[in-house]
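The values are calculated or read from the model by the stated rules, or taken from the named source; none is laboratory data. Given the structure is predicted, the values throughout are model-derived calculations rather than measurements. In this analysis, Cβ positions are derived from the backbone assuming ideal geometry, glycine residues included, and neighbour counts consider all displayed protein chains. Remember, those area values only see protein heavy atoms, side chains included, never the ligands or the DNA or RNA. Shrake-Rupley method; radii C 1.70, N 1.55, O 1.52, S 1.80 Å.
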Amino acid sequence: MQALAAEPRAGIIQIRNVSKTFEHGRVVALDDVSLDFFPGQVVVIIGPSGSGKSTLLRCINHLETPDSGIVTVDGVPLSDATNINKVRMEVGMVFQQFNLFPHLTVLDNIILAQRVVRKRTTAEAEAIARDLLVKVGIPEKAEAYPGQISGGQQQRVAIARALAMQPKIMLFDEPTSALDPEMIKEVLDVMLDLARDGMTMVVVSHEMGFTRNAASRVIFMDDGQIIEDTTPQALFSAPKEQRTRDFLSKILH
């Protein structure tokens, strides 16, 4: 189990007093949330459906705009719209759905953004893509189309595509929730390898095994608030809050 590292004063991601509502204020997704995420941490965010986990992640990548508060990524405040593309170059995101281009091969899916955003040559981008396909365990699928490979393999391609941009931070929004049970492990194994390599990761997940094995820090959210922020060992062995204990009792068998 990884110990919480000594932390600098300011995180690579800083969230300050962020609130977000939907349906004209009737649904509170985030309620005055303040957090720092630090380089090299693997932070897993857990909590019941509707607790604000995915909304928090989407605010970090500016896919959602907070109603109030400030999100700063690698020193760049997202409140300045001119910074958004700069920030997104440094933050990779993997979604529940794979979002691959069906008309492009696996290789071309990984090459495209490198060419357009990072301005790499085709040869450079292809070399990086092939190396990453080895890293995620499917080099033989380079010339296949997304419709010809399994869901687990598609999600591994999506991870490789995000890594190809050489981000400083990786965000994962329930990356295994759309997969059949037998495909979940192959994706979690890739994520475990990234954690061991020291990648800064923020992961929304219901996979408690991954949380125990990979996380340096676990955040439990409910009703748009941070209920607990601690180590996996402390959370699973001695949760402080009754809401946490109630949640864990339902998902741990």
Next item on the list: Please enumerate the residues belonging to segment 123-167 that are open to solvent by 70 Å² or more (accessible area, probe 1.4 Å) and part of a helix (DSSP H, G or I).
Entry: Ala123, Glu124, Arg130, Asp131, Val134, Lys135, Glu140, Gly147, Gln148
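Provide a single number: the residues in segment 236-253 that are surrounded by 15 or more Cβ atoms within 10 Å (Cβ to Cβ) and out of contact with any Asp or Glu (no Cβ under 6 Å at 6 or more places or on another chain). Give the derivation first.
Taking segment 236-253 first, the residues surrounded by 15 or more Cβ atoms within 10 Å (Cβ to Cβ) are 236, 239, 243-244, 247-248.
Then drop every residue that is not out of contact with any Asp or Glu (no Cβ under 6 Å at 6 or more places or on another chain), which leaves 236, 239, 247-248.
Looking only at that region, the number is 4.
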Item checked: Filter result for Asp197 (surrounded by fewer than 23 Cβ atoms within 10 Å (Cβ to Cβ), of a type outside the set (Val, Ile, Thr) and touching a residue at least 40 places away in the same chain (Cβ under 8 Å)) -> no
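Every residue, every condition in (1) of a type in the set (A, V, I, L, M, F, W, C); (2) at pLDDT 95 or above; (3) closer than 17 Å to Thr21 by Cα, yes or no:
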{"position": "Asp36", "(1), (2), (3)": "no, yes, no"}
{"position": "Gly40", "(1), (2), (3)": "no, no, no"}
{"position": "Thr55", "(1), (2), (3)": "no, yes, yes"}
{"position": "Gln96", "(1), (2), (3)": "no, no, no"}
Check: Is it fair to say Val117 is closer than 26 Å to Ile13 by Cα and open to solvent by 20 Å² or more (accessible area, probe 1.4 Å)?
Finding: yes
Item checked: Top-ranked residue in segment 56-83 [being surrounded by 15 or more Cβ atoms within 10 Å (Cβ to Cβ), part of a helix (DSSP H, G or I) and free of Cβ contacts under 8 Å to residues at least 60 places away in the same chain; ranked as farthest from the chain's Cα centre (by Cα)] -> Asn83
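Which one is farthest from Phe95 (Cα to Cα) among residues in segment 192-217 that are assigned to a strand (DSSP E or B) and in contact with a helix residue (DSSP H, G or I) (Cβ under 9 Å, 6 or more places away or on another chain)?
Within segment 192-217, the subset assigned to a strand (DSSP E or B) is 200-204, 217.
Retained after the next criterion (residues that are in contact with a helix residue (DSSP H, G or I) (Cβ under 9 Å, 6 or more places away or on another chain)): 201-204, 217.
Working: Met201: 14, Val202: 12, Val203: 10, Val204: 10, Arg217: 21 Å.
The qualifying residue farthest from Phe95 (Cα to Cα) is Arg217.
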Next item on the list: Check segment 203-214 and report whether any residue there is closer than 24 Å to Val73 by Cβ, buried (at least 21 other Cβ atoms within 10 Å of the Cβ) and at pLDDT 95 or above.
Entry: yes
Notebook entry, point to check: What residue, among those in segment 10-45 that are small (Gly, Ala, Ser) and in contact (Cβ under 8 Å) with a residue 12 or more places away in the chain, is surrounded by the most Cβ atoms within 10 Å (Cβ to Cβ)?
Noted result: Ala29
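Would you pick out the residues in segment 7-29 that are under 23 Å from Ser216 (Cα atoms) and either among the charged types (D, E, K, R) or under 19 Å from the mean Cα position of the chain (by Cα) (or both)?
In the first step, residues of segment 7-29 are kept if they are under 23 Å from Ser216 (Cα atoms); the result is 7-16.
Hits for segment 7-29 are Glu7, Arg9, Gly11, Ile12, Ile13, Gln14, Ile15, Arg16.
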